Amino acid sequence: MKLGLLPLFKPEHFKKGAIQASGLEYFAAHALSEIVPFIQQTFDNVSPVIGLELKSLASKHPDVILLWSTSACFELASAMAENIKAYLDIPVWLAGPHISYLPQSLPPAVDVGIIGEVEVPLKQLLELYLKQPDATSAHYRRIPGIVYQSQGRMYSGTPGQMIADLNQLPTPNYRFWLDFPGFSAPVIRTARIQDNLLTTLAYAPTRKPRQLSSVSLLKQLEQIVANYTFLFQSLPLEAHQRMYFSPVFIADQQLLAFPERLKELQALIVERKLHQQIFFILSAAPEQLTPGILKQLKAMNVRKLMFQLAPFGHQNKLLSQASPERLSQVLLACKEIQIDVLGLVFLNPEPQTSRQQMAAFYLYLQDHHHLFERLQTTLMAPIPGTPMWDAYAKKHKPDSATLERMPWHAMDWENVSPELPLYHTQLRGAVFHEIYDAFARLGKEKQGFMGPHKGDIIYWGRAVVARSLAREHFTPEDQVLEVVLQPETACKPFLEGYHIQQLHVRQGHLHGEWPQKPLDMLLLPGSLNGLRRPLEILRRLSQSLKPGGKVFLSVVNPLCIYLLLKFLDWPVKYSQQHYPVLRWITQPQLEDMVKACQMEILSIGHAPIEEIESMRTLVQNLSQHIEHFSARHVPQHLLYTSEIKLLARKL
């Protein structure tokens, strides 16, 4: 017997390499593929086959097809079942979160719907089919955990049984993710529980939460590593390099809920050196995180955290309920430890979310959006399984006819459209979408998203610059002072074993202990731009240099279009923001300042702007504008540089 498994994707999402935002359909496909090893272990005479399209699945001649559907794809389930009946004339079974939350919505062409966790009811259905391929509805009544139709009426049995110990289940086969459209990254769960919106809307619900042991999770990770090894075998990648290109997404938030299991898993991952071959993207709530836990996550190579956020003060337990202060602490801690944060923002977590709550949250994100690698804002429709649906159903009490007319296709919070039905007690649809558009623009400001290893590329670049600077200009025995404008530009973290002291620029002034010993080298990466009196500070610092001591400094190029548009005329009160520029220093001004401090200029360099061609016209138009209105000549060699770098020596 062949059991066909068909996860439902929207047609517009079924494109190779398509990005599906948070990927509910992608996660749902993983949930369906998890049962393949269970079927193979349980039955010798049942062969599960997965297809992503009915045409390809039909070519494998299945005897039964099991569909898996989220709410946003549920309208496809009815049409797909009708096509299967028309062209293949075989039984159609349906599982997934939507039918589990709304068993009364079973489409007429579907023979059986599985409610909740699928393993035990599916096992009993397969046993029945193997004995009686022509089994009727009269036989279905003996199977708990299903819903079926007979003579125009719908019947639902007793609740289905569950696998008591998840560790008894065979390890899922993660090779299927290579074929799924979307993220192309394996998704695992450390528990069966609905503890956030992703697990609620993509997976079948469970009546009793259960955890996987650290050993079972390790087996899954080892299989994922084996699959990545197979995938990359033709590429010139060393094993340790895969840690930057091999993501694993952990969908639930239970990894942090059990500290002992987290500690055990981290030790096993490090012992087997898996952290040198894969990296993790972890769904987490900010209130779960402490500095100690972040260090543990960093040690096991967690490189991204996904926060599911909403306006402060809401009561939706599927979303983070962290206070503004707590969220800020966590965001800063993540930035310090170099773990990127992906923010998934739900604007309306409850029907009664007020305009004031939304406005306060908007202002918060506006001030802190630079701490996120990526922000995505969406709206929540009354989707079964969420508090929004509970409130909607309590008020409107929808019957079967109403459920058939529900626009499930529009309840896709990953691709918000004007058709998305909103159940809100305070705001009209037009006003609501205006507020949503404002939030969405914050996310669009986060341009340049480079994929899972963006943070690593930046980290590598900083390390290369710092080590190159040390190799060319000073030794581990030299006394070096670094004036730090931003932690991101500091060299000290990459130069272990060197004698480097630091002063920090804060609100236009220097903070920290001034050097007591004569200096061999002075580093000022961007620091002069953040000082109120840069010449005075540079003169004082130069007095600490030994005769012949060197100074390396860089300043933001005032002609750089991106920085000019983003930071021009920022007042001092913003000096704690992402790039605290207080003044612009041109190359002639920089040269004059260095000479005034009795230093000899050894070299001047320029850092090119990335993607020069894409902004060439814009830069040239800007230069013409400046020359026309200020009669100031713009040097061509500076048009496409973001930074001016200068090396000098004390006379």
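Worth pointing out:
- Meets criteria (at pLDDT below 90 and either in contact with a His (Cβ under 6 Å, 6 or more places away or on another chain) or open to solvent by 10 Å² or more (accessible area, probe 1.4 Å) (or both)) for P324: no
- Positions within the range 572-595 being open to solvent by 50 Å² or more (accessible area, probe 1.4 Å) and modelled with pLDDT of 80 or more, in sequence order: P588, Q589, D592, K595
- Within this structure, L282 fails the test of being in a helix (DSSP H, G or I), open to solvent by less than 40 Å² (accessible area, probe 1.4 Å) and without any contact (Cβ under 8 Å) to a residue 60 or more places away in the chain.
- Selection from the range 336-357 of residues that are in contact (Cβ under 8 Å) with a residue 60 or more places away in the chain and either on the phi > 0 side of the Ramachandran plot or part of a helix (DSSP H, G or I) (or both): E336, Q338, R355
- Just one of the listed residues (R192, R175) is surrounded by 19 or more Cβ atoms within 10 Å (Cβ to Cβ) and modelled with pLDDT under 95, and it is R192.
- Filter pass, L237 being modelled with pLDDT of 95 or more and either touching a Ser or Thr at 6+ places or on another chain (Cβ under 8 Å) or open to solvent by less than 50 Å² (accessible area, probe 1.4 Å) (or both): no
- Counting only helices (runs of 4 or more DSSP H) that sit completely within the range 93-146, those holding 3 or more residues that are surrounded by fewer than 24 Cβ atoms within 10 Å (Cβ to Cβ) and modelled with pLDDT under 95 correspond to 119-131, 137-140.
- Residue count for the range 66-77, restricted to those that are closer than 21 Å to P121 by Cα and surrounded by fewer than 21 Cβ atoms within 10 Å (Cβ to Cβ): 0.
- Qualifying residue in the range 181-188 (condition: under 21 Å from P37 (Cα atoms), more than 18 Å from the chain's Cα centre (by Cα) and either open to solvent by less than 40 Å² (accessible area, probe 1.4 Å) or modelled with pLDDT of 90 or more (or both)): no
The values are calculated or read from the model by the stated rules, or taken from the named source; none is laboratory data. All values reported here derive from a predicted model rather than from experimental measurement. All Cβ positions, even for glycine, are placed from backbone atoms using ideal geometry, and neighbour counts span all protein chains on display. Heavy atoms of the whole protein, side chains included, go into the accessibility calculation; ligands, DNA and RNA do not. Shrake-Rupley method; radii C 1.70, N 1.55, O 1.52, S 1.80 Å.
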